[in-house]
Amino acid sequence: MKKLFSLLFALILLTLFCGRVLAAPQLVIPSPAYHFGRIAEGSKLEHVFSFTNRGDETLLIERVRSTCGCTGTLLSQKEIPPGKSGEVKIIFNSRGMRGPVVKWIYLYSNDPGTPKARLQINGIVQPEIGVTPARLRLTDMRPGEMREAFITLTNNSEQPVFLSNLKTVPEALSATLSDTRLNPGASTKIKIRLHVPPDKTHQNGYIHLTTSSPRTPKIRISVFGIARRQTP
């Protein structure tokens, strides 16, 4: 009888011990990645990620860490009871970035299975004012030739942009602007004229513009002219 009682008592202790060992929080993020599409350089993006504790112990969010260019802030409490949810707000600053961008945000918690969970934001950062081509290269010119070409400016932001103070250097390069106001999504053209002196095989120059945007106050465009060598 004593042996049976001892065995039952041992089984009860083992069950309690195993229950404590197996009980744990579980961090689950339904949508761990967010694609913000195309945004203008210098814009700030906000997104809120939701997560749930599907475990049977309280989930403790110890800290939030992000890579360069974005910040993560825990909107909910640090302690998430079983079955409850929390939120993390991400602010992405695109200043100084261009092209495809991928950023990671990390959640550190007491989840034994995923102590370091990852969130991702990605997309394409466009210059606030797109320049096409970014560098104008005119080839196969003749020494002494004057050639015309066009450069397109596009407003990728959500506000009108005003252009002014169009200047060119050196004197061999000149330019005229079609419109000085660019509405959101609108484009305008710069007509350029480049002259390669008869005694040269190339001529370089720059176009300078001032804009009303505090994020892109100045634009500088390089222009290259290359003349083929004259055969005797």
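The values are calculated or read from the model by the stated rules, or taken from the named source; none is laboratory data. Quantities reported herein were computed from a predicted structural model and do not represent experimental measurements. In this analysis, Cβ positions are derived from the backbone assuming ideal geometry, glycine residues included, and neighbour counts consider all displayed protein chains. All accessible areas refer to the heavy atoms of the entire protein, side chains included, with ligands and DNA or RNA removed. Shrake-Rupley method; radii C 1.70, N 1.55, O 1.52, S 1.80 Å.
Things worth noting here:
Here is a yes/no grid of residues against (1) closer than 30 Å to Ile219 by Cα; (2) among the hydroxyl-bearing types (Ser, Thr, Tyr):
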residue: Gly42; (1), (2): yes, no
residue: Asp56; (1), (2): no, no
residue: Gly69; (1), (2): yes, no
residue: Gly86; (1), (2): no, no
residue: Lys89; (1), (2): no, no
residue: Ser94; (1), (2): yes, yes
residue: Pro100; (1), (2): yes, no
residue: Tyr106; (1), (2): no, yes
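- For segment 60-106, the set of residues classified as part of a loop (DSSP other than H, G, I, E, B) and among the small types (Gly, Ala, Ser) consists of Gly69, Ser76, Gly83, Ser94, Gly96, listed by residue number.
- Some residue of segment 196-207 being without any contact (Cβ under 8 Å) to a residue 24 or more places away in the chain and on the phi < 0 side of the Ramachandran plot: yes
- Residue that is nearest to His47 (Cα to Cα) [pool: residues in segment 108-122 that are touching a Ser or Thr at 6+ places or on another chain (Cβ under 9 Å) and surrounded by 15 or more Cβ atoms within 10 Å (Cβ to Cβ)]: Leu119
- Test for Val223: is it open to solvent by 30 Å² or more (accessible area, probe 1.4 Å) and not small (Gly, Ala, Ser): no
- Any chance Gly123 is closer than 24 Å to His35 by Cα, among the small types (Gly, Ala, Ser) and assigned to a strand (DSSP E or B): yes
- Applying the criterion of being of a type in the set (Gly, Ala, Ser) and either over 12 Å from Val223 (Cα atoms) or in contact with a Phe, Trp or Tyr (Cβ under 6 Å, 6 or more places away or on another chain) (or both) to the residues of segment 129-144, the residue that is surrounded by the most Cβ atoms within 10 Å (Cβ to Cβ) is Gly130.
- In segment 164-187, residue least open to solvent (accessible area, probe 1.4 Å) [restricted to those that are farther than 30 Å from Pro197 by Cα and assigned to a strand (DSSP E or B)]: Leu182
- In segment 172-194, the residues that are touching a residue at least 12 places away in the same chain (Cβ under 8 Å) form Cβ pairs under 9 Å with partners that are among the aromatic types (Phe, Trp, Tyr) and open to solvent by 70 Å² or more (accessible area, probe 1.4 Å), at six or more places apart or across chains, as follows: Leu173/Tyr206; Thr180/Phe162; Arg181/Phe162; Leu182/Phe162; Lys189/Phe150; Ile190/Phe150; Lys191/Phe150; Ile192/Phe150.
- Only one of the listed residues (Arg38, Arg63) is over 14 Å from Leu107 (Cβ atoms), touching a strand residue (DSSP E or B) at 6+ places or on another chain (Cβ under 8 Å) and exposed (fewer than 13 other Cβ atoms within 10 Å of the Cβ). That residue is Arg38.
- Selection from segment 48-59 of residues that are assigned to a strand (DSSP E or B) and either surrounded by 15 or more Cβ atoms within 10 Å (Cβ to Cβ) or out of contact with any strand residue (DSSP E or B) (no Cβ under 9 Å at 6 or more places or on another chain) (or both): Phe49, Phe51, Thr52, Asn53, Leu59
- Scanning segment 66-87 for residues that are under 22 Å from the mean Cα position of the chain (by Cα) and touching a residue at least 40 places away in the same chain (Cβ under 8 Å), we see that the one that is farthest from Leu107 (Cα to Cα) is Cys70.
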